[in-house]
Amino acid sequence: MSNLNVAVIGCGGITLQNHLPGLALCREVKVHALCDANPATLEQARQHTGAAVTSTRWEDIISRDDVHAVIIATPNFLHPPIAIAAAQSGKHVLCEKPLALNAADARAMAEAAEQAGVRHMTAFTYQFVPAMRYLRHLVSRGDLGEPYHYRSCRLQDWGTRNLGWRQQRHLAGSGELGDMLSHRIDFALQLVGPMKRLVADLKTLTPVRDGAPNDTDDWVVLLAEFASGATGVLESSKLASGRNESWRSLDYVEINGSEGSFEFTTGKWNELRAGRRGGPGLAPLAVPREFWVWPGSPRDPAVGDPLVTFRYDQAIEFINAIREQRPCAVTFHDGARTQAVMDAALQSAASRQWVELK
């Protein structure tokens, strides 16, 4: 297959910011079809891409023979039916996180994609940060030694503005847990391995956002024990006043092991901090240039803001996996494993007890 026609279902901010610029870097790829329930949003994306086909119904898009791959960026509750139908129609699928409202649905998405023999990818975009990629390399190489502790802290100031469908639990599944902590759970599973048990708490501190009801969590914390025996502490909040947003806010990960420690901060895309056992403390560690872009990406890290443009490598990996007929670097299985941890966190917060993970 030389030319790939991609359909994007859900044309809001994340599509305009991440998916479309990434697809624009891919050779012989055309954004052929667009879908959004909001006609105004759909028209804005059509003008941006020049897509030949548009519809407000996703069923019209995935049934087309001239669509080869689908990117899903809809409200979370729609992910499973769209992804499963797309896979059964022979379409490769990249889906935003969290994959679903529960782990059972996420696993069903993975099973459908596997049975159909299509490529499938979960949009854990932060796996494409150069510093995060280098940290994974160092841990897998053994520089950390035996993992002891994992901790992450994500603090943003979103105030009380209306978040649309993201503040409705029946559409989103959760708030800060699925929105931001899902990335940090994925970090933990990638770096340390599976979790054995956890206890969690969630708070909804803004029951009304800009005049509209909110029944999703603004803050979440999770205390975990990994199968390896390592410990984990993960916190995330939308209400850290004065912390700003996106990469300008605190997004911190530290991992400690028997041989040393590493610290990762999203705002420093090409630098870690590292220290050896018994050493004087953590010191800057430059990320080698070979980690600055994803393998096979034509992106020039000197063009644009590197704290934004790393996200474009996600689409490039998706397209390259399709062309090379291999699994994507981040699959639906990764999304399902993270969803299982999120399910356990919700169960723990409701029961006020530790929850064992299978």
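The numbers here are math on the coordinates, done by the rules we state, and not lab data. Note that the coordinates shown come from a computational prediction; the quantities given were computed from them, not determined experimentally. Cβ: placed from backbone, ideal geometry, glycine included. Neighbour counts: every protein chain shown.
Which part of the range 259-274 falls in the paramagnetic zone of residue 149, meaning amide N under 19 Å from the point 7 Å along Cα-to-beta-carbon?
259-265, 273-274
What ranking do 205, 181 get, fewest neighbouring Cβ atoms within 10 angstrom at the top?
205, 181
As a footprinting exposure proxy, order 217, 60 by other Cβ within 10 Å, with the fewest listed first. Write out the running numbers ahead of the final one.
Details: 217 27, 60 14.
Ranked by crowding around the Cβ, least crowded first: 60, 217.
Below 8 Å, C-alpha to C-alpha, sequence gap of six or more: please give me the relative contact order for the chain in percent.
Over the chain, the number comes to 20 percent.
Sketch the reach of a paramagnetic label on residue 196 as a point 7 Å from Cα along Cα-to-Cβ, and name the residues of the range 243-260 whose backbone nitrogen lies under 17 Å away.
258
Percent relative contact order of the range 243-296, based on C-alpha pairs within less than 8 angstrom and at least six residues apart?
Once divided by the residue count of the range 243-296, the mean separation gives 23 percent.
What is the helix-to-structure angle for 313-324, meaning the angle in degrees between its Cα long axis and the longest Cα principal axis of the chain, kept from 0 to 90 and rounded to the nearest 10?
60
In the range 132-231, which chymotrypsin sites (Phe, Trp or Tyr not before Pro) fall in coil by DSSP and have 16 or fewer other Cβ atoms within 10 Å?
none
How much mean residue ellipticity at 222 nm does the chain get from its helices, if each DSSP H run of length 4 or more adds -39500 (n - 2.57) and you divide by all residues, to the nearest 500 deg cm²/dmol? Please report the intermediate quantities before stating the final value.
Working: 11 runs with 107 residues, N = 358.
Rounded to the nearest 500, it is -8500 deg cm²/dmol.
Counting only other residues whose beta carbon sits under 13 Å from that of residue 91, what net charge do I get with K and R as +1, D and E as -1?
Spelling it out: positives minus negatives among the neighbours equals -1.
Between the range 295-353 and the range 20-37, what is the separation of their alpha carbon centroids in Å?
18
Cα extents of the chain along the three principal axes, largest first, in whole Å?
Cα spread of the chain along its principal axes, largest to smallest: 61, 46, 41 Å.
Can you list the trypsin sites (Lys or Arg not before Pro) in the range 46-153 that are in a DSSP coil and have 14 or fewer other beta carbons within 10 angstrom? Each step should come with its number before you reach the end.
Working: sites: 46, 57, 64, 91, 107, 119, 133, 136, 141, 151; in loops: 57, 64, 91, 119.
Taking the range 46-153 and a limit of 14 other Cβ atoms within 10 Å, the loop trypsin sites (Lys or Arg not before Pro) found are 57.
So if each residue of separation counts as 0.36 nm, and I subtract the Cα-Cα distance between residue 258 and residue 161, what length gain in nm does that give?
Length gained, residue 258 through residue 161: 30.5 nm.
What's the local net charge at residue 265, with K and R +1, D and E -1, over the other residues with C-beta under 12 Å away?
Residues close to residue 265 contribute a combined charge of 0.
Which whole-number percent is the relative contact order of the range 32-142 (Cα, under 8 Å, 6+ apart)?
Normalised by residue count, the contact order of the range 32-142 is 19 percent.
Using modelled backbone amide H atoms (1.01 Å from N, in-plane), which distant-in-sequence or interchain residues come within less than 5 Å of residue 54's amide H?
So residue 54 has HN proximity to 34.
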